[in-house]
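Read through the structure below, which is laid out as structure tokens, and then see the notes.
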Amino acid sequence: MKKVLVVVDVQNDFIEGGAMAVEGGKRVAELVAEEMLRKEYSSVIVTQDWHPANHCSFKEQGGPWPAHCVENTKGAELYPAIAEAAKKVHAQIFKKGTDPKKEEYGADIKGLFIDSRDDIRVVGIALDYCVKETAKMLKKNYPGAHVTIVTGLTAAIKGFDADDRTELLRLAVKTKNTAENIITIRNAEEKDIPRIGELLAQVCEVHHEGRPDMFDLGRKYTDDELKDLISDGKKRILVAADDNDETLGYAICELKHLNKSNYRPDIKTLYVDDLCIDEKHRGRHIGKRLMDAVTALAKKEGCHNIELNVWACNNGAMKFYDKYGMKVQCQKMETIL
């Protein structure tokens, strides 16, 4: 049995600010983009409303909806994070709603690497319309498949009630609230210390490979030191945990205050002392989620900026922070004698 992910209509017009915005659309879009990057899916299919300007569903044509997802417009494009993830996983794109005289909530997907023994997960926008109808059509086209709507990775226009669930159960379409490994960012606890220790060792290994003259194999903090950091609050440790509460990454932060002097203003900085994502879980935007949490913390504390140090030998980290939008503040140089 293969796992297939079907992403329904996560397009700009359904995101906040779009022509037919659905509440919570942006949050769902970011979560769905992460889900698409998980390694366990053998195939990812992305559906896309692609309406002609005179589509029958538009109010101007006597339909119920404002004009939306008109072909070749910005609103019809996939949300940027979805488009990027689709490219990375070589997703199949399925356009629907192309006939001006035909309403088409559900995607009538046939073929595209799906068969009747597959485990099909359906996510996207909007749960009470296109997501629900796509799931029903998938069950019709692949009666032996396990079709599940992951409601926690959807946004709804009007809601999703008991009658909707009863209808889907009658068709043997399941619903559940979350997919596996939805990521939560929280403060570190003592129970996280063993996993943080393993990740600290991964960081040290990268540094040792790049600069064996400067780093031995080991780790930056011992278990006792981590316990002290968690308990005394001098540094904040944030962790990224999956739905089994396993730590997949961490960020160790420290508030620094540079008092006003005769040549520098008073500056409050959040310093990222260390950050790591488990090498087995990279490529799922967990690092971005952690840095977003770091940024939120810095703003809450009234910081002027966020600072961190990156070793030049750590190319992956350099690329990550550059992509996140961080700029070089100063450069530390050396001559090895």
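Bear in mind that the values in this text are calculations on the coordinates, not laboratory data. Just so it is clear, the model here is predicted, and its values are computed rather than measured. Cβ coordinates were reconstructed from backbone atoms using ideal geometry, including for glycine residues, and neighbour counts include every protein chain displayed.
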MRE, 222 nm, helices only [DSSP H, n ≥ 4, -39500 (n - 2.57), over the chain, to nearest 500]: -8500 deg cm²/dmol
What is the spin-label model distance, in nm, from CYS313 to ASP119 if the labels are put 7 Å beyond Cα along the C-beta direction? 4.1 nm
Relative exposure of SER231, SER42, judged by other C-beta atoms within 10 Å (fewest first): SER231, SER42
Loop-resident sites, the range 227-271, for trypsin sites (Lys or Arg not before Pro), counting at most 10 other Cβ within 10 Å (DSSP): LYS234, LYS260
On C-alpha positions alone, give me the angle between the axis of helix 223-232 and the longest principal axis of the chain, in degrees, nearest 10. 80 degrees
Nearest 20 debye, what's the magnitude of the dipole of the range 184-324 about its Cα centre given +1 on Lys and Arg Cβ and -1 on Asp and Glu Cβ? 800 debye
Scanning the chain for chymotrypsin sites (Phe, Trp or Tyr not before Pro) in DSSP loops with at most 16 other Cβ atoms within 10 Å, what's the longest stretch left with none? 114-262
Which of ILE267, ILE157, ILE109, ILE15 has the fewest other C-beta atoms within 10 Å, and how do the rest follow up to the most? ILE267, ILE157, ILE109, ILE15
Name the residues of the range 82-109 whose amide N is less than 15 Å from a point 7 angstrom out from the Cα of ASP322 along the C-beta direction? none
Tilt of helix 193-210 relative to the longest C-alpha principal axis of the chain, in degrees (0 to 90, nearest 10)? 70 degrees
Taking amide hydrogens as modeled 1.01 Å from N in the peptide plane, which residues meet the under 5 Å criterion relative to ASN314, leaving out close sequence neighbours? none
Those trypsin sites (Lys or Arg not before Pro) in the range 60-169 that DSSP places in a loop and that have at most 16 other beta carbons within 10 Å: LYS101, LYS102, LYS110, ARG117, LYS158
Hey, with R₀ at 51 Å, roughly what FRET efficiency would ALA172 and ASN72 work out to, going by the Cβ-Cβ distance, to 0.05? 0.85
Using bins 20 angstrom wide from zero, how does P(r) for the chain break down, in % of all Cα pairs? 27, 47, 24, 3
Taking only Cα atoms, what is the 0 to 90° angle, nearest 10, from helix 25-36's long axis to the longest principal axis of the chain? 80 degrees
Net dipole in debye of the range 42-167 [+1 Lys, Arg Cβ; -1 Asp, Glu Cβ; about Cα centre; nearest 20]: 220 debye
